[in-house]
Amino acid sequence: VQLQACGGGLVQAGDSLRLSCAASGRTFSSNVMGWFRQTPGKEREFVAAVSGSSTTYADSVKGRFTISRDNAKNTVYLQMDSLKPEDTAVYYCAARAAAVTVIRRDRYAYAYWGQGTQVTVSS
C-alpha cells in the first residue's frame, strides 16, 4: 500500500498549486483521505480531509483550499489558491483505515501516509 504525493513547488504569494496523491496497492475509495502539512520544529497539522461527499478544512485554509477525489483514479487532490508565505510547508497525504468514515483532524487517526511534497510560497 502506497500513497504518492506530488505537485509541490516554488510559487509566489497569490499563486495557485494543485497537489495530487495517488494510491496504489489497494483501493481507497471508501477511506477518509486527508492532507496535512509540517514545517521544521512544528507538529504536523491538519489541512483538509474528505469522506464521501463531506469535506473539512482547517480555519487557516478555509475558502482558499479545496480537497477533492477521483475514485476511478484512486487519487485525492488539494487545490490551493491565493497562497500565502505561511502556507510554506511539506504537505503529506494520508488515509484512515478502511470502513472508517468519520473525518478526524488528529494525525494519529490516519494509518497510511505519503512521502510529502514541498510547497514554498515566496512573498
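Kindly provide the set of residues from the stretch 47-67 that are assigned to a strand (DSSP E or B) and either in contact with a helix residue (DSSP H, G or I) (Cβ under 7 Å, 6 or more places away or on another chain) or open to solvent by 50 Å² or more (accessible area, probe 1.4 Å) (or both), ordered by number. Walk me through how you get there before you give the answer.
Step one: filter the stretch 47-67 for residues assigned to a strand (DSSP E or B), giving 47-51, 54-57, 65-67.
Answer for the stretch 47-67, where residues must be assigned to a strand (DSSP E or B) and either in contact with a helix residue (DSSP H, G or I) (Cβ under 7 Å, 6 or more places away or on another chain) or open to solvent by 50 Å² or more (accessible area, probe 1.4 Å) (or both): 54, 55, 66.
Scanning the stretch 76-123 for residues being at pLDDT 95 or above, touching a strand residue (DSSP E or B) at 6+ places or on another chain (Cβ under 6 Å), among the hydroxyl-bearing types (Ser, Thr, Tyr) and not in a loop (DSSP other than H, G, I, E, B) gives a total of 6.
The values are calculated or read from the model by the stated rules, or taken from the named source; none is laboratory data. Keep in mind the model is a prediction, meaning the values are calculated, not measured. FYI the Cβ positions are ideal-geometry reconstructions off the backbone, even for glycines, and counts take in every protein chain you see. For the accessible areas, the whole protein counts, side chains as well, though only heavy atoms, and no ligand, DNA or RNA atoms are used. Shrake-Rupley method; radii C 1.70, N 1.55, O 1.52, S 1.80 Å.
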